[in-house]
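Here is the structure we will look at, set down as structure tokens.
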Amino acid sequence: MLQQRKSRQPLTRGGWTLAALLALGVSLPVAAIGLAPQSSAGADSSVATLDKTATTAAVANRKLGSLQTTLSGHIQDQTGGRIPGATVTVTNQQTQELQTAVTNAPGAFQFANLPAATYELVAELPGFRRVRLPVDLSAGASTILTITMPIGAMSEELHVVCQAPSSSILQMFFPTLSAQEPATPIRIGGSVKPPKKTKDVRPVCPAGRVTGEVVVLLEGRIGVDGFIAEIKPLANSDAVPAAFTESATEAVRQWEFTPTLLNNVPVEVTITVTVVFKGA
């Protein structure tokens, strides 16, 4: 106000236009500077979210891999009696690592701190059939099993030597038979008393010349009374002449045994018989 030389005249239209252009030129760079940090902050936030998600997944995977559980149970025979001394093996189907335990006096077993996974369990004891079954422990829950082991099967083999037919009329109708003693049946362990043969009938060579070997495979059951039940040929019967199969079956059907005892109780037991006919 004290300067007398300053012009007090209002701005002209051209002056207002110039002032507006100057203000616009200053505000645009400032706005750009203000927006840049916000964009950068948003990108950093996205990265942080992804990193957090990846970390969470990694922790979950580590927890899943370290999840452990317990598998236990007991082994029993077909009458419900417990079986001590049986070997139990579990194999991790992902890593193929295995662990082994032996059933105690009450027939119990336990595997502690097993990684959560799927397993194959195998139980075995001489005199009993091997038991194999899958066990799924992937959920991490403790599992208790009751495993029944059936009694093992007997096995017997006969070798029948058929003499070549001679010129004798008698020999043509009644071939000579020579047979070796049967092989010793497999041992039946545990609390089992194996059967003992009390009556033995030998197969008769079919009439005619026998060249090479003819093998007949039979399977049946020794009943609780010691008699053979349901004797029948196995898979190769189609390739064997019917006369040999009939001769072997007729002989084995007449066998008799003392009863098989499991815990002093008579039980049935499977028997497989191999009869080998040989030409002299």
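The values are calculated or read from the model by the stated rules, or taken from the named source; none is laboratory data. Quick caveat: nothing in here was measured; it's all calculated off a predicted structure. Cβ atoms come from the backbone with ideal geometry, glycine included; neighbour counts cover every protein chain shown.
Of the residues 175, 165, 150, 84, which is modelled with pLDDT under 85, surrounded by 12 or more Cβ atoms within 10 Å (Cβ to Cβ) and touching a strand residue (DSSP E or B) at 6+ places or on another chain (Cβ under 9 Å)?
Details: 165 fails: touching a strand residue (DSSP E or B) at 6+ places or on another chain (Cβ under 9 Å); 150 fails: modelled with pLDDT under 85; 84 fails: modelled with pLDDT under 85.
From the options 175, 165, 150, 84, the qualifying one is 175.
So which residues in the range 85-144 are within 25 Å of residue 269 (Cβ to Cβ) and either outside the structural domain of residue 72 (by TED's automatic domain parsing) or in a loop (DSSP other than H, G, I, E, B) (or both)?
85, 86, 103, 107, 125, 126, 127, 129, 130
I need the full set of residues from the range 201-241 which are basic (Lys, Arg), modelled with pLDDT of 90 or more and within 17 Å of residue 277 (Cβ to Cβ), in order please.
Of everything in the range 201-241, just one residue is basic (Lys, Arg), modelled with pLDDT of 90 or more and within 17 Å of residue 277 (Cβ to Cβ), namely 202.
Among the residues in the range 253-263, are any under 12 Å from residue 156 (Cβ atoms) and either touching a helix residue (DSSP H, G or I) at 6+ places or on another chain (Cβ under 9 Å) or part of a helix (DSSP H, G or I) (or both)? Before the answer, list the steps.
Looking only at the range 253-263, we keep the residues that are under 12 Å from residue 156 (Cβ atoms), and these are 255, 257.
Subsequent filtering for residues that are either touching a helix residue (DSSP H, G or I) at 6+ places or on another chain (Cβ under 9 Å) or part of a helix (DSSP H, G or I) (or both) retains none.
Looking for residues that are under 12 Å from residue 156 (Cβ atoms) and either touching a helix residue (DSSP H, G or I) at 6+ places or on another chain (Cβ under 9 Å) or part of a helix (DSSP H, G or I) (or both), one finds none in the range 253-263, hence no.
Inside the range 71-81, can you point out the residues that are surrounded by fewer than 16 Cβ atoms within 10 Å (Cβ to Cβ) and at pLDDT 95 or above?
72
Which of the numbered conditions does residue 255 fail, given that it passes all the others? Conditions: (1) buried (at least 17 other Cβ atoms within 10 Å of the Cβ); (2) among the hydrophobic types (A, V, I, L, M, F, W, C); (3) within 18 Å of residue 162 (Cα to Cα).
Going through (1) buried (at least 17 other Cβ atoms within 10 Å of the Cβ); (2) among the hydrophobic types (A, V, I, L, M, F, W, C); (3) within 18 Å of residue 162 (Cα to Cα) one by one, residue 255 breaks only (3).
Hey, can you tell me all the residues within the range 258-269 that are within 20 Å of residue 201 (Cβ to Cβ) and surrounded by fewer than 16 Cβ atoms within 10 Å (Cβ to Cβ)?
The one that is within 20 Å of residue 201 (Cβ to Cβ) and surrounded by fewer than 16 Cβ atoms within 10 Å (Cβ to Cβ): 258.
Taking residue 201 and the conditions (1) surrounded by 15 or more Cβ atoms within 10 Å (Cβ to Cβ); (2) more than 35 Å from the chain's Cα centre (by Cα), which numbered condition does it fall short on, given that it satisfies the others?
Going through (1) surrounded by 15 or more Cβ atoms within 10 Å (Cβ to Cβ); (2) more than 35 Å from the chain's Cα centre (by Cα) one by one, residue 201 breaks only (1).
Report, by residue number, each residue of the range 241-274 that is farther than 20 Å from residue 80 by Cβ, in contact with a strand residue (DSSP E or B) (Cβ under 6 Å, 6 or more places away or on another chain) and among the aliphatic types (A, V, I, L, M).
Scanning the range 241-274 gives 248, 252, 271, 273.
Filter the range 101-119 down to residues that are crowded, with 17+ Cβ neighbours inside 10 Å and hydroxyl-bearing (Ser, Thr, Tyr), then give me how many there are.
Counting residues in the range 101-119 that are crowded, with 17+ Cβ neighbours inside 10 Å and hydroxyl-bearing (Ser, Thr, Tyr) gives 2.
Which one of these is without any contact (Cβ under 8 Å) to a residue 40 or more places away in the chain and at negative phi: 259, 266, 233?
Details: 259 fails: without any contact (Cβ under 8 Å) to a residue 40 or more places away in the chain; 266 fails: without any contact (Cβ under 8 Å) to a residue 40 or more places away in the chain.
Exactly one residue qualifies, and that residue is 233.
For residues in the range 121-141 being surrounded by 12 or more Cβ atoms within 10 Å (Cβ to Cβ) and small (Gly, Ala, Ser), which is modelled with the lowest pLDDT? Spell out how you get there, then give the answer.
Within the range 121-141, the subset surrounded by 12 or more Cβ atoms within 10 Å (Cβ to Cβ) is 121-131, 135-138, 140.
Imposing the further condition that a residue be small (Gly, Ala, Ser) reduces the set to 123, 127, 138, 140.
Values: 123: 96, 127: 85, 138: 92, 140: 89.
Taking the candidates together, the pick is 127.
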